[in-house]
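**Student:** Can you read through this structure? Questions will come right after.
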Amino acid sequence: MARRKYVVGNWKMHGLAADLAEVRAIADGARAFPEVDVALCLPVILIERAVRAVPDFPIGAQDVHFAEKGAHTGNVSAAMLRDAGATLTIVGHSERRQDQRESDEEVRSKAEAGLAAGLSVILCVGESLDIREAGHAVETVQAQLDASLPRAETGVPARLAIAYEPIWAIGTGEVASPADISEMHSALRERLVAAYGDGGNEVRIQYGGSVNASNAAEIFAADNVDGALVGGASLTSEKFLPIVEAAARV
Ligand code: PGA
């Protein structure tokens with residue numbers, strides 16, 4: 001099945017009003033590659049301004065709370081993200097699984113809340129270096145996916161994507177080999193099909209972890225890779241657009 005490539009930037013805790021110029025440059029540049037779905041996940045406080053700056057370009061969040069509303073000081077609901085103009089959100093990024101101690105169960109609730117509110121959701125999974133070196137990466141990440149995937153009863157999976165991000169490759173300059181990425185993505189595809197039947201073939205699986213202009217083409221050419229979730233190299237149009245272009249050329 002042919003799935004459109006999906007390249008998403010995750011700005012993490014970077015970006016002030018002055019950086020909206022980069023958002024504009026990325027949105028403008030991405031128009032040259034209509035065959036690739038491109039989006040930026042920004043700090044929540046920039047979302048509304050970015051949506052105003054680039055109304056035709058998908059802007060997303062990096063997290064969402066699982067509750068519709070209520071006494072959750074400091075959190076943001078899916079309805080609030082939609083209200084601000086966001087069309088997608090990341091959930092379960094390893095930095096949140098670590099820093100905020102988010103469990104698989106919580107990540108599942110967040111993914112379901114995002115989908116229920118009409119957002120697209122990128123659900124992140126990935127193993128630590130210890131687990132990779134011990135030879136347990138595939139079964140560990142499969143189990144993590146099983147435990148954090150939205151349940152099939154809630155609809156799925158048209159607006160769902162998975163990002164496989166080995167923790168040891170995030171922000172380190174180290175990249176998983178194309179063979180390891182393909183192996184993991186096909187193992188995750190099996191779990192998606194087990195969960196959703198044929199619909200599981202429609203869910204895109206991105207790779208994330210030190211993707212940049214020099215390694216993107218090789219990663220996109222690997223089997224079962226439907227795109228990338230990009231951190232550091234998504235902060236400027238100069239670094240990010242060549243990655244989008246690489247996705248267009250596969
Ligand atoms: P990186 O981050 O591209 O800076 O390694 C990727 C991510 O955490 O999504």
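**Student:** Given a 1.4 Å probe, how much area per residue of the chain is accessible, in Å²?
**Tutor:** Normalised by residue count, the accessible surface of the chain is 45 Å².
**Student:** While we're here: When we measure straight from the Cα of LYS69, which aspartates and glutamates land under 18 angstrom away, once same-chain ones fewer than 8 places off are left out?
**Tutor:** Partners within reach: ASP83, GLU106, GLU112.
**Student:** In the stretch 50-95, carbon and sulfur make up what percent of the accessible area (probe 1.4 Å)?
**Tutor:** 51 percent
**Student:** Okay, next question. Under a cut-off of 30 Å between alpha-carbon atoms, report the lysines in cross-link reach of LYS5, not counting same-chain residues fewer than 8 places apart.
**Tutor:** LYS5 reaches LYS110, LYS239.
**Student:** Please label the shape of the stretch 84-234 as rounded, prolate or oblate, based on the square roots a ≥ b ≥ c of the eigenvalues of the alpha-carbon gyration tensor (a/c under 1.5 means rounded; beyond that, a/b larger than b/c means prolate, else oblate).
**Tutor:** Judged from the Cα gyration tensor, the stretch 84-234 comes out rounded (a/c under 1.5).
**Student:** I've got another one for you. Return the long-range amide H neighbours of ALA228 (sequence gap of 5 or more, or a different chain), with a cut-off of under 5 Å between placed amide H atoms.
**Tutor:** TYR6, VAL7, VAL8, TYR207
**Student:** Also, quick follow-up: Label points 7 Å out from Cα along the Cβ direction at ALA2 and ALA116: separation in nm?
**Tutor:** Rounded to a tenth, the inter-label distance reads 3.7 nm.
**Student:** Now for a different question. Evaluate the distance, in nm, between pseudo-label points positioned 7 Å from the Cα of ARG24 and of ALA217 along their respective Cα→Cβ axes.
**Tutor:** It works out to 3.2 nm between the two label points.
**Student:** While we're looking at this one, here's another question. Using label points projected 7 Å from each Cα along Cα→Cβ, tell me how many nm separate ALA53 and ASN75, to one decimal.
**Tutor:** Going from the ALA53 label point to the ASN75 one covers 2.9 nm.
**Student:** Specify the inter-centroid distance of the stretch 154-221 and the stretch 226-240, based on alpha-carbon positions, in whole Å.
**Tutor:** Centre-to-centre distance over Cα atoms comes out at 15 Å.
The values are calculated or read from the model by the stated rules, or taken from the named source; none is laboratory data. Every value quoted in this text rests on a predicted model; they were computed, and no experiment measured them. All Cβ positions, glycine included, derive from the backbone under ideal geometry; neighbour counts span all protein chains shown. Keep in mind that these areas ignore ligands, DNA and RNA; they rest on the heavy atoms of the full protein, side chains included. Shrake-Rupley method; radii C 1.70, N 1.55, O 1.52, S 1.80 Å.
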